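Read-outs: derived from the displayed coordinates by stated rules, not from any lab. Worth saying up front: this structure is predicted, and the values here are computed from it rather than measured. Counting neighbours? That spans all protein chains shown, and the Cβs are built from the backbone with ideal geometry, glycine included.
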Amino acid sequence: MLIKSVEIKNYKSFLNSGEIKLSPGFNIIVGRNDAGKSALLEAISIHPKTIGSRPHRSPKTCPKPGTKPDPISVIKLVYELTSEDIVDALSLQREIFIPVIHGVGTDVDHFEKSIRKGGEFHAIWSEAEGITGWLSLMGSQRAGNFLTLKNTLYPSSLSIDHNQSAIGQRQNAPSTYGASIADNILGRTYAFRAERLNVGVSTVNGSKELKPNAENLPDVLNQLISSNPSRYERLMCHIRSIFPHITQITAPITNGSAHISVWSVPIKSERSDLAVPLSESGTGIGQVLSMLYVVVTSDAPKIIIIDEPQSFLHPGAARKLLDILRQYSQHQYIITTHSPIFFNTEDSIQLIQKTDFESSLRKIDQKVQDELKLFLSDIGARLSDVFGADSILWVEGRTEEICFPEIIEKLVRRPLNGLKVLGVISTDELSNKHANRAYEIYKKISSENSLLPPAISFIFDKEGRSETERKDIVRKSGGLVTWLPRRMFENFLIDPKSIAHVINENDTERDDIVTEQDITSWLEKNSDKHVYPEESETKPLFNTKKWRECVHGAKLLQQLFQEITNQRVEYRKVMHGLSLCRQVIDNPTDDILELSEFLKQSISQPSS
């Protein structure tokens, strides 16, 4: 189950949103305060306590003072449902009402086939009609002649009795089969807003399914502790990762009610009297506990909506929460934020803006530099790039900043878990007379007493620095600086097959295809260019280990791109470097594996 798209008409800051497409996995909605993020999430979740008659108000809908806008808001969602999703929803109905279109026998058969096949489901909410919906395969008829079907396996499963049916008129759309499915879907959609959840106490019903408003959280926790201790301990491990001061959370039953208690003392102390009620704990604990309960215990995919997680969590805790949620990728997440710490390059990112009283969304294509500049400008991203990380790996520049995280995650196979890779603004300072001052600044902003996280290491190129200079910089940094085992990062990307692929992808005006052999031949012919060995050393032979260490990879690639493409494609360090990096990651070369091992050692060492 997932939401494919949403369309909002005449609701709060949305006059007509048009189709807003959503993706599986993570959907990040980013924008400034009051851009319409919360209104969007209210519409997606169709929360009965928040949705209502809140028509769009602007000069377009209220051209004169005293003009009343159209009171009817309409929200349309398109879901992708499996057969199991539909059966789960309809099994809770004793009677099922389907439209009569072709004839009783034909319509029943068509309905059963639609259930077995699954597919798109359209749900519509309006102030006038409430919630209703229909399967695409069944058509959108919501009034007129309807067939009443009996579910003989109610409420445990679904089996339609073909011998019991009756045709009648139905004008009440919310009582059709589509309304039943829509109601069930909303019951499996969880919306977490930027507010305290008062869910510390609940009655005991023996339930294992958390309600969308999380009001039965104590009850389901109590059941989980006794019925699935392994899953409960996994939940607690996640909680401790986000809130290190918490040692355990319990939900004992007292006077017929379950009460959530938060432990900060060691469990072995057996001091339950020192545990604190959830209602007296931090605002974010109840939110996080509810979210993680859903993702950890749900066997079926859920839709999880989170409004501004940084509003109820410290940036570091929010980052850890997102890292944990990414481990449960079967669910669909829709998250609003004004901070860039909550997404990575694989997320679907949309920018929400308000212009002339109206909110609108547009997808951010991170491959386009202008889009990225607009995005950073709109959210005012500066220190927020750093704030929220547990530790930082400082690197030479923008190319390494983008590529190293992918190498760490895909080849080192270590989740970042709060580690941020950032390029140093200017590494020139590190080799001049102000090196000591530069490191005093870095040490200060990376200290434990700072709001900014500590540095794991500084990894820089050897380019333009003699062995004596490098040793001096390492000494001044207290051993915090390490040097790439080759002249620069680009030296790990010189792979003919990958280079040919990237050139063919970018040189769209080319008549023929560049082959791996074309690149190899060019490299052999130009192997002595841009090679700068250490003092007193002779130029190494092409493709030897020494050649790969001391060649100027960036200049070599720049000349290669110019000559192979007849200057149609200029080598761009960041864009083409990332493309080459992804190619050698997908088809690992000895060079990139050497770099991944180097990074593994760098991020494994304790930070200073």
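Which of the aspartates and glutamates could a cross-linker span from LYS64 if the Cα-Cα distance has to be under 18 Å and same-chain partners fewer than 8 positions apart are dropped? Qualifying aspartates and glutamates at Cα under 18 Å: ASP356, GLU358.
For the range 182-261, the pair-distance distribution built from all alpha carbon pairs, in bins 10 Å wide starting at 0, is 18, 43, 35, 4, 0 percent.
In the range 27-166 the Cα-Cα distances spread across 10 Å bins starting at 0 as 10, 30, 29, 17, 11, 3, 0 percent of all pairs. At 0.36 nm per residue, minus the direct Cα-Cα distance, what do ALA128 and ASP161 gain on full extension? Give it in nm, one decimal, please. So the chain would gain 8.6 nm between ALA128 and ASP161. Run the reach check for LYS529 against lysines, Cα to Cα strictly under 17 Å, same-chain hits fewer than 8 apart removed. What comes back? The reachable lysines, counting only those whose Cα sits under 17 Å from LYS529, are LYS539, LYS545, LYS546, LYS555.
Per-residue Karplus couplings for the range 264-279, computed as 6.51 cos²θ - 1.76 cosθ + 1.60 with θ equal to phi - 60°, are listed in order as 10, 7, x, 4, 5, 5, 6, 9, 5, 5, 8, 5, 10, x, 4, 5 Hz, Gly and Pro entered as x.
For the listed residue pairs LYS113/LYS150; LYS497/LYS573; LYS268/LYS600; LYS420/LYS497, the alpha carbons are over 26 angstrom apart in LYS268/LYS600; LYS420/LYS497.
Determine the gain in length on full extension of the stretch GLU594-VAL474; use 0.36 nm per residue of separation and subtract their C-alpha separation, reporting nm with one decimal.
Details: separation 120, 0.36 × 120 = 43.20 nm, distance 2.18 nm.
Between GLU594 and VAL474, full extension yields an extra 41.0 nm.
Just going by the charge dipole of the range 458-602, with Lys and Arg at +1 and Asp and Glu at -1 on Cβ, which of HIS552, PRO588, THR468 is farthest out on the positive end? Most positive-ward Cα: THR468.
A 19 angstrom limit on the alpha carbon distance is what I want to check against. Which of LYS4/LYS302; LYS12/LYS68; LYS60/LYS354; LYS4/LYS60 exceed it? Too far apart for the 19 Å limit: LYS4/LYS60.
Other residues within the sphere of radius under 15 Å centred on the Cβ of GLU19, judged by their own Cβ, net out at +3 (K and R +1, D and E -1). Per-residue Karplus couplings for the range 291-304, computed as 6.51 cos²θ - 1.76 cosθ + 1.60 with θ equal to phi - 60°, are listed in order as 4, 5, 4, 4, 5, 6, 9, 7, 7, 9, x, 10, 9, 10 Hz, Gly and Pro entered as x.
Taking 15 Å as the cut-off, the amide N atoms of the range 1-33 that come nearer than this to a point 7 Å along the Cα-to-beta-carbon line of SER58 belong to 8-19. For the range 468-473, backbone phi angles converted through the Karplus equation (6.51, -1.76, 1.60; θ = phi - 60°) give residue-by-residue couplings of 5, 4, 5, 5, 5, 5 Hz, Gly and Pro being listed as x.
Go ahead and run the numbers for FRET between ASN145 and SER279, Cβ-Cβ distance against an R0 of 56 Å, rounding to 0.05.
Numbers: r = 53 Å, r/R0 = 0.94.
E(calc), rounded to 0.05, equals 0.60.
FRET efficiency for the pair HIS102 and ASP356, taken as 1/(1 + (r/R0)^6) with r the Cβ-Cβ distance and R0 = 45 Å, rounds to 0.40. Taking amide H positions as modeled 1.01 Å from N, with prolines and chain starts lacking one, the residues under 5 Å from PHE192 and 5 or more places away or on another chain are ILE305, ILE306, ASP307.
The distance between label points at ASP299 and GLU549 comes to 5.8 nm (points 7 Å beyond Cα on the Cα→Cβ vector).
Remark: relative contact order (the range 197-299) = 28 percent; criterion is Cα-Cα distance under 8 angstrom and separation of 6 or more residues.
What does the net charge come to around ILE335 if you take all other residues with beta carbon closer than 10 Å to its beta carbon, with K and R at +1 and D and E at -1? Residues close to ILE335 contribute a combined charge of -2. Charge tally for ILE86 (other residues, Cβ to Cβ under 11 Å; Lys, Arg +1; Asp, Glu -1): -2. Ranked by how many other Cβ atoms sit within 10 Å of their own Cβ, fewest first, the residues LEU153, LEU40, LEU224 fall in the order LEU153, LEU224, LEU40.
Suppose R0 equals 30 Å. What FRET efficiency, 1/(1 + (r/R0)^6) with r the Cβ-Cβ distance, do SER136 and ARG231 give to the nearest 0.05?
Working: r = 36 Å, r/R0 = 1.20.
Result of the calculation: an efficiency of 0.25.
Here the extension length gained between ASP34 and GLU270 equals 80.2 nm, from 0.36 nm per residue of separation less the Cα-Cα distance.
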